[in-house]
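A.B. asks: Before we start, here is the structure in question, set down as structure tokens.
What follows draws every value from the coordinates through simple rules; no lab data is involved. The structure displayed is predicted, hence computed values, not measured ones. Every residue, glycine among them, receives a Cβ derived from its backbone with ideal geometry; neighbour counts consider all protein chains shown.
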Amino acid sequence: MRKVILEVSLSIILSFLIGYTTLILMGYDATKVFSIVIREGLSNPTYLMIRSTPLILTALAFSIPSLVGVFNIGGEGQFYLGALSSLLIAHITGNSLLSIITGMAAGGLLSVLIAVIKVKRGVNEVVTSIMFNWIIYFSLLYLISTYLFDPLMPYQSISVPKTARIDYLIVHIQIPAIFPIAVLTSLVMYFLLYHSALGYKMRVVGISPKAARYAGFDPESSIILSMLIGGAMGGLGGSLLILGHTHAIDSTMSGLYGMGFAGIGAGLLGRNNPIGIILSSIFLSMLIIGGEAAELRARVPTELADALIGMIVIVLSAPYIVRLVRVRR
Amino acid sequence: MLVEMRGITKVYPDGVVALRGVDFEASEGEIHGLLGENGAGKTTLMRILYGEIKQTSGEVIFSGKAVSFKGPWDSMRSGISMVYQRFSLVPTMSVIENLHLYLSSLQSGIRIEEVRKRAEEIMERLKFRVPLEANVEDLAVGVQQRAEIMKVLLSKPKLIILDEPTSVLTPIEIRELFRILKELKEDGITIIFITHKLKEVKEITDRVTILRKGERVGTYETPSVSEEELAVMMVGRGITPAKRGAPSLGREVMRVEDLWVRDDRGLHAVKGVSFELHEGEILGIAGVQGNGQLELAEALAGIRGVERGRIIIDGKDITNLPAEARYREGLAYIPDSRAVGLVLEMNLVENSILTSLRDFLGKGSRIIWPLASSRAGEIIERFNVIGSLRGQVKYLSGGNQQRLLVGREIIKAPRVLIVSEPTQGLDLAATEFIRSTLLKFREEGRSIILISTDLDEIFELCDRIAVIYEGRFMGMGRNENFTLERLGLLMGGVNA
């Protein structure tokens, strides 16, 4: 445990150093940029919580299948589908709970489809995931600009009716209710993974399919189950973002795009541990928000935050490489 | 002296001291035994000589020159070759293609006809045959090993290091290997023979160096030391082999009728096996690795489907029950691989409940971890496992892993225990511990099916012995009715 914390902190520090040096080499005032990133990233806790919410869930969408040995790169598509189906149900029924359930079911169904194709036909999940990501992305784009646009504001979709919106949990200290939902979900996932028979079986399958077979656990059902849960998490992420924050999807989908992929980074940084994921998602959201501010205030490229996150993930994998080399020598 | 190693110390990056100032020497044209338990540092020492790993300190002198090899390719040029426990042949290629591949790395551009000519020359001179055109995967293990030896001979080595070469062979194949080794010696090649088997040291070596816990105990002329003396030097104390008491057979607990099982490739691996098992009985299944033992064990445990036949425990047909249900019916299985029986990247507590998960669940299928911890503690105490509860199992030594695995299954007090190669790769002390544990289990009136390629183990533990060859029982009978020779013939598929 201590080693994990050490590795994660080291990788963050190292990637910051690399980012810092790069900024200086590019002629920016790196100290100023970093102070903007951190100060602005933390300046509005409410906004930070809102931005962290979908990230926590897409990170879970990646990490839970990952513990079972499945590389769910389809969080993006599951996230879109969750957002869309939630929006539709909210629009029709005006009920937030129903809308959330639909969002989770839609995400879960999509990922189960990917898992079943993998298990029954041996098709690599990465390939099908990416294909589904794009299919859903363009379908969604098409639907929003043709059937689902708001006649009064054609640059966005129909919106979530007031009755279905999820507002502040405690209004006067501005805690958006979607954030505690995400945190709670994460804790439930922690319990599921580390304190339930189901989670135990899933982890055994992920670490050693042979040992799982020996113990009489069915690897296939664990794979499908983990994908179902993962997909449901992705769907929930989309659902909560729509119901609790954006209330509509803009016709370029810029509000949704990339959230599933960012979740992969958050999952890796959180070491696939649901509690680690809560922390890593907040941290990465801070970088993203700060990066946006730095773009405006210090004119650094938009990609700064992305590059930093990418760097953290790369550096994080360094200990594995070191270990690999050590074992060989 | 052909080889001189002086004051070799090896400290691995994780701080483990594998060798502590070891001196070693081998003279030209001798067969030199390197004897020690697992973890004594035998293989590490030889990998240093072979240039595969670097010593932390100390010097290596080969043919009178101080050397520091950059890697195996470097040492091969100087005339050192090593034959590993696991062969390095490409299974889907023919023997001659493998030989060509190997030699090409030393002499680029060499033609396959040239390789064939040299190989035939060697076979002529040393009087052993390898089917050059056959695919490696179709060959018996003993023949594969001969191909491997042929391979290293092509590079005209002065020194061949053999790492536990007999561990996968039948008695007949071992005899053939020893004959070849003597031919090589006649030819002036020096051989270092790594082993932990005392008999083999006595039989084949001229001199022997004993290592214990990374230190050299001594080097002796082989005829001047007895097996008992060697054992004491290797282990550090005397070992008393477990004694099997007279059998007291109870009623029949298990019956298997005409069992047919397919392997992963869909071929029949078990072809009509039948037997019965009684209370207080150990039934040994002897055979060369890969004759259907794995498939038989997995079918009995419920991990692998049965094509035909019946498995009955206590009068109840369990042929179609899945593994988890069979474990609940009082069956336990210890597989031959610790990487299968244990989840190496989980801790001791998590591993303690792998095959009896249901016993540790509370409401809502919640795992009661304190209960699991106390079970793990119990296993550690009763079976002398040295390790911490929260540490990953992969950091345990092989012996401790095996104790954990055997302990976990025995502590469940199953009625029938299927155990496969329980002492493979273990040192003498751990081996005797496991064997006496199994015998004690038998004394309690429980039943064991022991699958083993180690004939000493089979003779030491089993009340009845069955020999499996190509998926069939070649013979079955009481322990006293078998001799080593007869067992060897049956294992080789010869009726005797």
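A.B. asks: Less than 14 Å Cβ to Cβ from A:Leu192, Lys/Arg counted +1 and Asp/Glu -1: what total charge do the surrounding residues give? List each step's numbers first, then the result.
C.D. replies: Working: positive: A:Lys201, A:Arg203, B:Arg366; negative: none.
Residues close to A:Leu192 contribute a combined charge of +3.
A.B. asks: Can you give me the convex hull volume of the Cα atoms of segment B:371-488, divided per residue and expressed in Å³?
C.D. replies: 125 Å³
A.B. asks: Quick one: Karplus J couplings for segment A:139-147, per residue in order, coefficients 6.51, -1.76, 1.60, θ = phi - 60°, nearest Hz, x for Gly and Pro?
C.D. replies: 4, 5, 4, 5, 4, 5, 8, 10, 9
A.B. asks: If you line up the Cα atoms of chain B on their principal axes, what length do they span on each, largest first, in Å?
C.D. replies: Result, largest extent first: 69, 47, 45 Å.
A.B. asks: A further question on this structure: Quickly estimate the mean residue ellipticity at 222 nm for chain A, helices only: each DSSP H run with n ≥ 4 gives -39500 (n - 2.57), and the total goes over all residues, rounded to 500.
C.D. replies: -25500 deg cm²/dmol
A.B. asks: Can you pull the percent of Cα pairs in segment A:2-328 with separation above 26 Å?
C.D. replies: Numbers: 26274 of 53301 pairs.
Here the long-distance tail beyond 26 Å is 49 percent of all Cα pairs in segment A:2-328.
A.B. asks: Scan segment A:238-319 for trypsin sites (Lys or Arg not before Pro) in coil per DSSP, keeping those whose Cβ has at most 13 other Cβ atoms within 10 Å, and list them by number.
C.D. replies: A:Arg299
A.B. asks: Over 55 Å apart: what share of the alpha carbon pairs of the protein assembly as shown falls there, rounded to a whole percent?
C.D. replies: For the protein assembly as shown, the fraction of Cα-Cα distances above 55 Å is 25 percent.
A.B. asks: Under the classification rounded if a/c is under 1.5, otherwise prolate if a/b is larger than b/c and oblate if not, where does segment A:102-185 fall, given a ≥ b ≥ c as square roots of the Cα gyration tensor eigenvalues?
C.D. replies: oblate
A.B. asks: Turning to a different aspect of this structure: Check cross-link reach from A:Lys120 to the lysines: straight Cα distance under 28 Å, and skip same-chain residues fewer than eight apart.
C.D. replies: A:Lys201, A:Lys210
A.B. asks: Further question: DSSP loop (so not H, G, I, E, B), at most 12 other Cβ within 10 Å: list which trypsin sites (Lys or Arg not before Pro) in segment B:368-433 pass both filters.
C.D. replies: Those satisfying the criteria are B:Arg390.
A.B. asks: Same structure again: Give me the lysines in straight-line cross-link reach of B:Lys440: C-alpha distance below 21 Å, same-chain residues under 8 apart excluded.
C.D. replies: Excluding near neighbours in sequence, the set is B:Lys243, B:Lys412.
A.B. asks: Just to check I understand the Karplus step: with θ = phi - 60° and J = 6.51 cos²θ - 1.76 cosθ + 1.60, what whole-Hz values come out for segment A:27-43, glycine and proline as x?
C.D. replies: With the stated coefficients, segment A:27-43 comes to x, 9, 7, 4, 4, 5, 4, 5, 5, 5, 4, 6, 5, 5, x, 9, 5 Hz.
A.B. asks: What ranking do A:Met233, A:Met253, B:Met346, A:Met259 get, fewest neighbouring Cβ atoms within 10 angstrom at the top?
C.D. replies: A:Met253, B:Met346, A:Met259, A:Met233
A.B. asks: If you put +1 on each Lys and Arg Cβ and -1 on each Asp and Glu Cβ, how big is the dipole of the protein assembly as shown around its Cα centre, in Debye rounded to 20? It would help to have the intermediate numbers written out before the result.
C.D. replies: Values: 87 positive and 84 negative charges, 263 e Å.
That gives the protein assembly as shown a dipole magnitude of about 1260 debye.
A.B. asks: Only sites in a loop by DSSP and with at most 14 other Cβ atoms within 10 Å count here; which trypsin sites (Lys or Arg not before Pro) in segment B:40-125 make the cut?
C.D. replies: B:Lys54, B:Lys70, B:Arg86, B:Arg111
A.B. asks: Which three numbers, in whole Å and largest first, are the semi-axes of the equivalent ellipsoid of segment A:208-248 derived from its Cα gyration tensor as √(5λ)?
C.D. replies: 36, 6, 5
A.B. asks: Just add up the charged neighbours of B:Glu148: K/R +1, D/E -1, any other residue whose Cβ is under 12 Å from the Cβ of B:Glu148.
C.D. replies: Counting the neighbours of B:Glu148, the net charge comes to +2.
A.B. asks: Once you average over the residues of A:93-105, how many Cβ atoms of partner chains fall within 10 Å of each Cβ?
C.D. replies: Per-residue shielding by partner chains comes out at 0.
A.B. asks: On a straight-distance basis, which aspartates and glutamates could pair with B:Lys185 in a cross-link, Cα separation under 13 angstrom, same-chain partners fewer than 8 positions away excluded?
C.D. replies: Straight-distance partners of B:Lys185: B:Glu28, B:Glu30, B:Asp206.
A.B. asks: Here is a further query. From the P(r) of segment B:97-249, could you give the percentage of C-alpha pairs in the tail past 28 Å?
C.D. replies: Numbers: 3993 of 11628 pairs.
Value for segment B:97-249: 34 percent of Cα pairs lie more than 28 Å apart.
A.B. asks: What number, in percent, do you get for the relative contact order of segment A:2-328 if the mean sequence gap of Cα pairs under 8 Å and at least 6 apart is divided by its residue count? If you can, show how the numbers build up before the last one.
C.D. replies: Values: 575 pairs, mean separation 113.9, N = 327.
It rounds to 35 percent for segment A:2-328.
A.B. asks: Order of A:Ile73, B:Ile204, A:Ile117 from fewest to most other C-beta atoms within 10 Å?
C.D. replies: A:Ile117, B:Ile204, A:Ile73
A.B. asks: Would you tell me the mean number of C-beta atoms belonging to other protein chains that fall within 10 Å of each C-beta in B:339-351, as a whole number?
C.D. replies: Numbers: counts 3, 8, 5, 3, 12, 3, 6, 6, 0, 0, 0, 5, 2.
Partner-chain Cβ atoms within 10 Å, mean over residues of B:339-351: 4.
A.B. asks: Which percent, to the nearest 5, of DSSP beta bridges fully inside the protein assembly as shown are antiparallel? Don't jump to the answer; show the numbers that get you there.
C.D. replies: Details: 49 of 85 bridges.
Taking every DSSP beta bridge within the protein assembly as shown, about 60 percent pair in antiparallel fashion.
A.B. asks: Among A:Leu228, B:Leu439, which comes first, then next, by fewest other beta-carbon atoms within 10 Å? Spell out each step's value before the answer.
C.D. replies: On the way: A:Leu228 21, B:Leu439 17.
Arranged by neighbour count, lowest to highest, A:Leu228, B:Leu439 become B:Leu439, A:Leu228.
A.B. asks: Here is a further query. How large is ³J(HN,Hα), in whole Hz, for each residue of segment B:412-428 in order, when computed from phi with the Karplus curve 6.51 cos²θ - 1.76 cosθ + 1.60 and θ = phi - 60°, using x for Gly and Pro?
C.D. replies: Couplings: 6, 6, x, 7, 10, 10, 9, 10, 10, 6, x, 10, 4, x, 9, 7, 4 Hz.
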